[in-house]
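Values quoted throughout were computed directly from the atomic coordinates according to the rules given, and no laboratory measurement underlies them. For clarity, every value in this text was computed on a predicted model and none was experimentally measured. Because the Cβ atoms are built from the backbone with ideal geometry, glycine has one as well, and the counts that use them run over all protein chains shown.
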Amino acid sequence: MNDIILNLKKEILRGEATKIKELVKKAIDQGLAPLEILEKALRPAMEEVGKKFEDLEIFLPDMMKAAEAMTAGTETLRPYLGPGNADIKKGLILLGTVEGDVHEIGKNIVRVMLEGVGFKVIDLGYNVPVLTFVEKVKELNPDILGMSALMTTTMVHMPRVIKELQDRDLKKKVKIIVGGAPVLPDWAEKIGADGYGENAGEAVNLVRRLVK
Amino acid sequence: MSTPYRLWEIQERSNTGPQCDEDEFLSKIFSPTLQKIVKKYEIKYNPKTPVPADDDLADRVWKAGWELFQEVGLYNTDTHRIIKVSDDEIKEALYVAKDQYWVGAGKDAVLWKHRKIEDREPPFCLFSPDCTCSEELHYSMCLAYLKEPLLDGFCAPILEDSIGLKIRSGSPFEINACTQHIYNLRLAAKQVGRPGVFLVAVGTAEHDSGQIAVSNENWGVRTTDSRLIGTLTEFKTADTLLNRVVHCAQYGCYVGNLTGPIYGGWCGGSEGVAVTLVAYSLNGLCIHGAIYNLHFPFHLNLASNTTRELLWPIAVAGQAMARNSKLLYKSGGYTNAGPMTEMVFYEAACHALVSTVNSWHLWEIGAARNKHRNRTTPLEARIAMEVGHAVAGQGMTREEANDIALRLLSIYEEQAATAPLGKEYQECYDVATALPTQEHFDMYRKIKDELSNMGIEFLY
């Protein structure tokens, strides 16, 4: 039993999506509970991947491969999870890079790390218009809205989004976090965001605190 | 543009090149290709030798960079097509490229020449604070930098506000700010007696509309000046960037190719960064029509490039390009520490030393990871440029540079993640006179003496 858990963890770390699918099926055949596979093997493995990436013991392509393996594992597990458990997630996160800004590597890293530890993430991409953020908050009712910017001339869209949410009485329904190269804690406070992450690891911890 | 008649043939490839979904480009094309090429050419990073002296390694990195550019191409995020350049086109562009250009105007014009490894010719010194700054300090900072004796060219700090209003990219506020930016620059250059100095401008423009609005021989960016055209990380572009290629080619100003490959990101480790630097240089030449490259590889977590995992690719890529091309390329520095700390001077010195000995020209220096407003001053750039002139003048070898780099790294490397933020410009410069405070100058002088004791033979 422990062997298969260890093997699942190992193959997640190695980013072997095909092997993960096989191992998940094997684990089910051996009688492991689907939730146990998720909670004792897949998610802890992705936590470890996230930690290694934070310390740059592994690099972004390695983490992305691990994330693909994780997705393959959870998709294989999905039919075996009960209806109530099929989408067990810690919370819904909406992410995007603000209007006028086409830089998204930081936002993408945050997305993968959040998904890896069990959050459901909807990524709106880059150059997201102010009102698209607002419409999506209204439509999807996320726990967290995360906005990223690389330029001082684009991060000014963050308070615009917040104001539009306030004007529509939506601000109190969602926690807002911000990040990106020029963004600092005082900026986050000034514009009325609920939190700021210096890097992807901090962003994940921040989301965990806010979603509790 | 080094091959002007190919401008439209290459632009058209945004419409006709191979189609690829954006999500797939980096994970399925760029990253696996880079990993395969690094392995094929047996490129291996050695942290014990931040400045290797291995010509064969340099030549392999050159071949690897060429192969990467040719195989991967440049992805246009607006059309979801890949712009590819053939082997013959790369060869042609390298042949046609000049190894020297006159930049700037009148008495302030400077001949900027290709450098070789351990070259005794000093590097072209482009001073650039890179950071954003308060509107009320912008003019003073321009003056302060333009007073620097070793300055061959200047790129001013970036405005965040203009006439008290926040600048929003792509909006009228940005165009207004770009006008203010270039007026400040041109007036400051005139006031210090360098009216024709080579300017790289305007950094305030994120959007192409801001850049294009200030092309003007009389009051704006001149044809003797330069624009930077960036690439999205990694090997991606967009029409807003390619618009600048066409504008600059037709306006007639110099183009610099701006790239910042990320250590720990899609490039992977130091080996991938080195190969990517070479590949980006070919991209700049063939697609952006750049006469020079400004590369600022940086660390994913630290956002700096003065630690050994970044110095190594800077050294190796410089050697690769020096041995195999006649290109012009600048090494852009980002320190961890902020102004008026001893650490920032050591970091600046180390970045300049490694870059200069390995054939780069200098673009110095963004302090405090270039993240904090007003937190850069000319003095840390000055020490970098003085080191550049010194090590070129004394003909420092790669082996000697490696020894000194290791000594410098032993002073600051462990503090990279916890580096002091230092002070803001107005805390260590007199804003009215645009001169450093005595305390700031004394610290610079002290570190310069220490560097001298390490074997750097300053020329004055």
Of the cross-linked pairs A:Lys120/B:Lys28; A:Lys136/A:Lys173; A:Lys10/A:Lys51; B:Lys63/B:Lys113, which ones have a Cα-Cα span greater than 18 Å in the structure shown? A:Lys120/B:Lys28; B:Lys63/B:Lys113
For the pair B:Leu111/B:Lys98, report the inter-label distance in nm, with labels modelled 7 Å from Cα in the Cβ direction. 1.2 nm
At the level of C-alpha centres, the distance separating the stretch B:266-289 and the stretch B:213-236, in angstrom, is 20 Å
In the neighbourhood of B:Arg323 defined by beta carbon distances under 13 Å, the net charge of the other residues (Lys, Arg +1; Asp, Glu -1) is 0
Quick check: Cα centre of the stretch B:390-460 to Cα centre of the stretch A:62-79, how many Å? 48 Å
Given the rule -39500 (n - 2.57) for each run of at least 4 DSSP H residues, summed and divided by the residues of chain B, what is its mean residue ellipticity at 222 nm, to the nearest 500 deg cm²/dmol? -13500 deg cm²/dmol
Packing-based exposure ordering (other Cβ within 10 Å, fewest first) of B:Arg227, B:Arg244: B:Arg244, B:Arg227
Rounded to the nearest 20 debye, dipole of the protein assembly as shown from Cβ charges on Lys, Arg, Asp, Glu: 760 debye
Relative contact order as a percentage, chain B, C-alpha pairs under 8 Å and 6+ apart, gives 20 percent
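Looking at chain B only, what percent of DSSP beta bridges run antiparallel? Nearest 5 please.
30 percent
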Mind checking which helices in chain A clear 20 Å along their axis (Cα) and have mean Kyte-Doolittle hydropathy of -0.5 or more, DSSP H runs only? A:60-77
Defining a contact as two alpha carbons under 8 Å apart and six or more residues distant in sequence, what relative contact order in percent does chain A show? 18 percent
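Restricting the count to DSSP beta bridges whose residues both fall in the protein assembly as shown, what percent are antiparallel, rounded to a multiple of 5? Show your work: numbers first, answer last.
Working: 13 of 61 bridges.
Here the antiparallel bridges make up roughly 20 percent for the protein assembly as shown.
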Before anything else, pin down the relative contact order of the stretch A:92-211: Cα pairs under 8 Å, at least 6 apart, normalised by residue count, whole percent. 28 percent
Compute the distance in nm between two label points, each set 7 Å from the Cα along the Cα-to-Cβ direction, one at A:Leu6 and one at A:Glu198. 3.7 nm
What does the charge count near B:Thr33 come to, summing +1 for each Lys or Arg and -1 for each Asp or Glu among other residues with Cβ under 13 Å from its Cβ? +1
Point-charge dipole on Cβ atoms (K/R +1, D/E -1) for the stretch A:30-107, about Cα centre, debye to 20: 320 debye
What whole number of Å gives the distance from the Cα centroid of the stretch B:37-92 to the Cα centroid of the stretch A:139-158? 35 Å
At most 15 other Cβ within 10 Å, DSSP loop - GluC sites (Glu not before Pro), the stretch A:1-70: A:Glu57
Restricting to the stretch B:280-438, compute how many DSSP beta bridges are antiparallel as a %, nearest 5. 20 percent
Using helices alone, I'd like the mean residue ellipticity at 222 nm for chain A: each DSSP H run of four-plus residues gives -39500 (n - 2.57), total over residue count, nearest 500. -16500 deg cm²/dmol
Footprinting exposure proxy for A:Val207, B:Val85 (fewest neighbouring C-beta atoms within 10 Å first): B:Val85, A:Val207
Arrange the following residues from fewest to most other Cβ atoms within 10 Å of their Cβ: A:Asp169, B:Asp430. A:Asp169, B:Asp430
Enumerate the calculated ³J(HN,Hα) couplings along the stretch B:276-287 in order (Karplus 6.51 cos²θ - 1.76 cosθ + 1.60, θ = phi - 60°), each rounded to whole Hz, writing x wherever the residue is Gly or Pro. 5, 4, 5, 4, 4, 5, 5, 4, x, 5, 7, 9
Please report the net charge: other residues with Cβ closer than 12 Å to the Cβ of B:Gly289, K and R +1, D and E -1. +3
Is the shape of the stretch A:92-211 best called rounded, prolate or oblate, per the rule: a/c under 1.5 gives rounded, else a/b larger than b/c gives prolate, else oblate, with a ≥ b ≥ c the square roots of the Cα gyration tensor eigenvalues? rounded
